[in-house]
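The values are calculated or read from the model by the stated rules, or taken from the named source; none is laboratory data. All values derive from a computational prediction rather than experimental measurement. FYI the Cβ positions are ideal-geometry reconstructions off the backbone, even for glycines, and counts take in every protein chain you see. Side chains are part of the model used for accessible areas, which takes the heavy atoms of the whole protein and leaves out ligands, DNA and RNA. Shrake-Rupley method; radii C 1.70, N 1.55, O 1.52, S 1.80 Å.
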Amino acid sequence: MENMFRLLGSEDFSDRRRCVWVNGPVIIGAGPSGLATAACLRDEGVPFVVLERAECIASLWQKRTYDRLKLHLPKKVCQLPKMPFPEDYPEYPTKRQFIDYLESYATRFNINPQFNECVQSARYDKTSGLWRIKTSSSSATSGSEMEYICRWLVVATGENAERVVPEIDGLTTEFNGEVIHSCEYKCGEKYKGKRVLVVGCGNSGMEVSLDLANHNANPSMVVRSSVHVLPREILGKSSFEISMMLMKWLPLWLVDKLLLILAWLILGNLTTYGLKRPNMGPMELKVVTGKTPVLDIGAMEKIRSGQVDIVPGIKRFSRNHVELVDGQILDLDAVVLATGYRSNVPSWLQESDMFSKNGFPKSPFPNAWKGKSGLYAAGFTRKGLAGASADAVNIAKDIGNVWREETKRVQKIRTRVGHRRCISIA
């Protein structure tokens, strides 16, 4: 309460913005990271508020993913804290199954986000020792502005908050065909018989190319740099699980060597098809840069059969064509930009100690979850859902410990005050 009086004395509150005091942390983002943090806080007995700019939980999964998407890793390493996937779910749950799981998760832990609340800014008020989060409503029926005031702030907007759209000569000014980002791509059915250029060769680029080929389109995939492609499973076991098991006993370089040998035996020599591997091994590259290897679920078969063409970098686009860096000119009907996503944290969080300019915590895993002045980050480990879950558990325990100590102190004060009042009444 003392902090609130300091806050009221330090600012002018005549700007018509509704002010809400949150007796606990504010979590920004209702994706898997935010939901996991909220569930763990609920288990610790700490109240919270979740702010979400969309009108649903997990908006990336519900609105910005293609229909055929499945989890690329086994369900047991993707489940959130305190609630496993249903036993009847397959090893790699579908998009719809994962969304259903998240909705059940929110219901079970009584997580009710404030939807359509787009954070404009968040800053720490040193005078009061509190965080101030200003939002505007993105609802069509409400144009209100709010200010949430709290002691703890959890950033859970994730690694993939905003699409990355590269500037390519002629793409937006001359090319007459359809241009979409992979977050807008749903299914290849509408592209049957069309010539489609997929820009990007990560997991999204590979899977979009596979889906286009399955729907009898004519996809070409741009591969500008080296890429690691591993089979999703090796002898019936997840490549991820195998690599994690090996890393417990063997040095990283040897794990990479074994993975590459197994990948060569299963997938063959990828350079034959225009796919060059990086000099750094797949797991070392993941640890050092956060770049995830592509897990093949069928795209390589399409590439080997010629149903998906591999092409080099782009020089420029013209009306119905693209000119490549090697001089090739391809006729095109559409372009899908599988060029990834980025964090949007720098656009609204006004602090420079915890987060760097690229929107990721400066401290490496496993210490990236906690900053100063009650600031936390969930889901920025580049270690997928397992990393987000670990962050959630750590954050909730840290806040929960402080919450319990302060609750005990307040209860003792109230007990003493209540005793004096009883005597005076008597």
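General observations
- Taken over the stretch 111-131, the criterion of being among the hydroxyl-bearing types (Ser, Thr, Tyr) and modelled with pLDDT of 95 or more is satisfied by Ser121, Tyr124.
- Lone unmet requirement of (1) free of Cβ contacts under 8 Å to residues at least 24 places away in the same chain; (2) more than 30 Å from Lys362 (Cβ to Cβ) for Val288: (2)
- Taken over the stretch 252-266, the criterion of being open to solvent by less than 70 Å² (accessible area, probe 1.4 Å) and under 29 Å from the mean Cα position of the chain (by Cα) is satisfied by Leu252, Val255, Asp256, Leu259, Leu260, Ala263.
- Scanning the stretch 241-269 for residues that are in contact with a helix residue (DSSP H, G or I) (Cβ under 7 Å, 6 or more places away or on another chain) and in contact (Cβ under 8 Å) with a residue 60 or more places away in the chain returns no hits.
- Matching residues in the stretch 344-396 - criterion: being of a type in the set (A, V, I, L, M) and open to solvent by 30 Å² or more (accessible area, probe 1.4 Å): Leu385, Ala386, Ala390, Val393
- Among the residues of this structure, Leu41 does not count as one that is surrounded by 22 or more Cβ atoms within 10 Å (Cβ to Cβ), in a loop (DSSP other than H, G, I, E, B) and at pLDDT 95 or above.
- Residue within the stretch 150-159 that is acidic (Asp, Glu), within 30 Å of Val227 (Cβ to Cβ), touching a Gly at 6+ places or on another chain (Cβ under 8 Å) and open to solvent by 20 Å² or more (accessible area, probe 1.4 Å) present: yes
- Filter result for Leu246 (open to solvent by 40 Å² or more (accessible area, probe 1.4 Å) and outside any loop (DSSP other than H, G, I, E, B)): no
- Within the stretch 353-380, residues that are closer than 21 Å to Val22 by Cβ sit with their Cβ atoms under 6 Å from residues that are assigned to a loop (DSSP other than H, G, I, E, B) and among the acidic types (Asp, Glu), at 6+ positions apart or across chains, in these pairs: Lys372/Asp353.
- Scanning the stretch 215-233 for residues that are open to solvent by 40 Å² or more (accessible area, probe 1.4 Å) and within 23 Å of the chain's Cα centre (by Cα) returns a single hit, Arg232.
- Candidates Val77, Val26, Val46, Val50 - the one that is open to solvent by less than 50 Å² (accessible area, probe 1.4 Å), farther than 26 Å from Glu147 by Cβ and among the hydrophobic types (A, V, I, L, M, F, W, C): Val77
- Counting the residues of the stretch 272-285 that are within 11 Å of Val229 (Cβ to Cβ), assigned to a helix (DSSP H, G or I) and either free of Cβ contacts under 8 Å to residues at least 40 places away in the same chain or out of contact with any Leu (no Cβ under 7 Å at 6 or more places or on another chain) (or both) gives 1.
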